[in-house]
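Enquirer: Please see the structure below; I have some questions.
Please treat every number below as a calculation from the coordinates, not as lab data. Values in this document were obtained by computation on a predicted structure and should not be read as measured data. Here the Cβ positions follow ideal geometry from the backbone for every residue, glycine too, while neighbour counts run over all protein chains shown.
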Amino acid sequence: MKCIGKSVLIFLCIFSLFSLTIYSPSTAMAAKAIPGSMAEKVPKVNAAFDVNKMGNMSDFDPSNPIIPTGDTIKIAVVWPFSGPGALNGEIAWIGFAWVAHDINKRGGIWVDGKKKLIEMIKADSMSKPDQAKKICERMVLQEKVNILVGTSGSNIQKIINETGATHKVLTVNIGSLADELNDATNFSRYNFMSSDSTEQIGRAMAYFYGQIRKKEKKFYILCQDYSFGHGLAEGFKTGLKEYYPEAQIVGEDYHKLFLTDFAPYLTKIKASGAEVIYTGDWTPDAGNLLKQSRQTGIMTPFANIFMDEPIMLHEVGVEGTKGLMHIDHYNMPNMFKNPGYVKYYSIWHKLWETKWKTAPFNSTLFAHGTGTIGSWTQQIYWMLSVVERAKSTDPEKVIKVWEGDTYKFVNGRIIKMRACDHKAIQDFEIAEYVTPEQQKVYFSIPPYHWFTGASGPGPAWLVPAAKALPWIDQKLERCADKNGWGE
């Protein structure tokens with residue numbers, strides 16, 4: 001009896017340990033996807049970035065890239081490289097140069113019966129519509145590029161798309177968020193919007209405040225006065241009606257691009273009693289707005305998408321950047337616990353520390369390669385993955401592969417191209433900016449903080465794609481009677 005009892009006891013202990021291993025809350029939660037998330041909707045992707053297949057990046061220098069010529073895959077990088085928006089061009093360029101260097105070190109991509117290297121060509125839009133039209137025509141007719149990619153400024157992206165549609169050249173939008181770019185009026189089979197969109201951003205932020213945070217109720221909207229700014233505001237207002245009907249919009253204003261004096265708007269914000277300022281401003285407007293608000297004593301937190309530029313954050317300091325609520329189109333909660341991502345991040349960060357000595361790439365802006373830089377870079381990888389799988393630069397063959405395609409970024413983010421209108425579906429992260437000593441909850445590898453001179457992402461939440469699907473225009477015949485997933 002004693003022997004039997006002992007055997008039973010041993011068996012029960014082993015069984016209990018086995019049960020805990022399988023059914024422990026942490027294991028179960030790790031295995032179960034959030035309802036409505038991309039992990040639930042797309043359990044198996046068509047392609048994924050594999051850090052172990054990267055080329056040798058040790059000699060990569062964004063200020064002096066190795067650009068091949070001859071029989072190459074030619075890609076026009078249509079961005080402002082001069083004028084007030086020039087920094088956006090540099091942010092884009094490092095991503096394009098990085099991807100090209102990586103793929104060329106691997107030997108290129110097999111297309112049209114041969115392996116070809118990637119040639120990136122700067123096409124300076126100067127943030128001016130007339131210049132954008134001129135440079136896009138030159139890229140297509142003289143440089144014979146295979147793909148036009150853009151850009152900061154939906155007004156400029158529209159010109160890029162129109163050029164591609166006219167000449168039947170692929171155009172890829174990785175940097176403009178206006179939903180109207182792919183509506184019934186402006187849609188073209190040759191354009192793919194791999195970026196997120198204004199409806200998604202606005203509704204995701206509203207979902208966060210109404211269904212997750214459940215705290216602030218008074219919001220002031222301040223955005224740039226063009227299609228992107230208005231679209232972002234409309235998305236947020238739509239989301240509030242849907243997810244947070246008790247919230248109040250206590251003010252709404254729009255300002256011209258590249259504004260230098262925000263005082264009139266800040267005076268109105270201060271008098272409004274707003275608990276949160278919602279803005280889509282991008283560089284340099286985002287920095288000027290934040291700095292001037294803090295200089296005038298307004299410490300109201302900003303709900304934002306582009307107010308994450310590190311140089312500007314350091315100019316404002318730890319206290320002035322604390323409490324910012326940032327929605328991100330690249331970062332993912334717990335991404336620093338992903339070994340593949342940590343390896344990729346380490347390659348980037350080490351090069352920034354040791355190799356990149358020329359401005360602006362030696363600045364803190366480029367230290368981590370996350371946020372907008374990460375998003376644009378991974379979208380370029382996705383684009384070239386599609387070309388590689390199409391085995392051709394023929395637009396018709398690329399279109400066939402990209403419509404409905406799914407891809408996983410290096411940090412685990414899953415993205416899908418909705419087939420009917422060529423808009424990307426994805427989850428979103430929203431993170432609260434906290435002081436450096438509080439950032440370990442996010443930045444879970446040494447040194448356990450982003451920077452010491454500014455607040456940065458700390459607690460983070462995932463908004464599942466189902467709660468922030470891109471707007472679908474039912475007037476577009478291809479999308480008639482389809483839901484937000486395009487089904």
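Enquirer: If amide H atoms are built 1.01 Å from N in the plane of the peptide, which residues on other chains or at least 5 residues away come under 5 Å of the amide H of residue 255?
Expert: Here 223, 224, 225 satisfy the definition.
Enquirer: When the Cα centres of the range 413-465 and the range 350-406 are compared, how far apart do they sit, in Å?
Expert: Each part's Cα centre sits 18 Å from the other's.
Enquirer: Please sort through the DSSP H helices of the chain and keep those with an alpha-carbon extent of at least 24 Å along the long axis and a Kyte-Doolittle average not below -1.0.
Expert: Passing helices, by number: 2-23, 86-105, 371-390.
Enquirer: If one computes the Cα centroid of the range 197-244 and of the range 107-145, what distance in Å separates the two points?
Expert: 35 Å
Enquirer: Please name which of 469, 151, 117 has its Cα lying farthest along the dipole of the chain towards the positive end, using unit charges on Cβ (Lys, Arg +1; Asp, Glu -1) and the Cα centre as origin.
Expert: 117
Enquirer: Moving on. So who's got an amide H within less than 5 Å of the one on residue 126, skipping anything under 5 residues away but keeping other chains? H placed 1.01 Å off N, in plane.
Expert: Those qualifying (amide H under 5 Å, at least 5 residues apart or on another chain) are 81, 82.
Enquirer: May I pose another question? Among 280, 436, 75, whose Cα lies farthest out toward the positive end of the dipole of the chain, if unit charges sit on the beta carbon of Lys, Arg (+1) and Asp, Glu (-1)?
Expert: Positive-end residue among those listed: 436.
Enquirer: Under the rule a/c < 1.5 gives rounded, and otherwise a/b versus b/c splits prolate from oblate, where does the range 89-129 land using the Cα gyration tensor?
Expert: Details: a/c = 4.89, a/b = 1.99, b/c = 2.46.
Cα axes put the range 89-129 in the oblate bin.
Enquirer: Check which residues have an amide H placed less than 5 Å from residue 392's amide H, if you skip close sequence neighbours.
Expert: Amide H neighbours of residue 392: 112.
Enquirer: If a/c stays under 1.5 just call it rounded; otherwise compare a/b with b/c (prolate if a/b is bigger, oblate if not). Do that for the range 143-226, with a ≥ b ≥ c from the square roots of the Cα gyration tensor eigenvalues. Intermediate results must be reported in sequence, preceding the final value.
Expert: On the way: a/c = 3.14, a/b = 2.74, b/c = 1.15.
Prolate is the answer for the range 143-226, as a/c is 1.5 or above and a/b outweighs b/c.
Enquirer: Consider just the alpha-carbon atoms of the range 400-456 and return their Rg together with their Dmax, both in angstrom.
Expert: Every Cα atom of the range 400-456 included, Rg and Dmax give 16.9, 49 Å.
Enquirer: To continue, here is another question. Once you sort the root eigenvalues of the Cα gyration tensor of the range 225-304 as a ≥ b ≥ c, which label holds: rounded (a/c under 1.5), prolate (a/b larger than b/c) or oblate (the other case)? If you can, show how the numbers build up before the last one.
Expert: Numbers: a/c = 2.09, a/b = 1.31, b/c = 1.60.
Taking the square roots of the gyration eigenvalues as a ≥ b ≥ c, the range 225-304 is oblate.
Enquirer: Report the charge-dipole magnitude of the chain in Debye, nearest 20, computed about the Cα centre from +1 at each Lys and Arg Cβ and -1 at each Asp and Glu Cβ.
Expert: On the way: 54 positive and 50 negative charges, 298 e Å.
Value, rounded to 20: 1440 debye.
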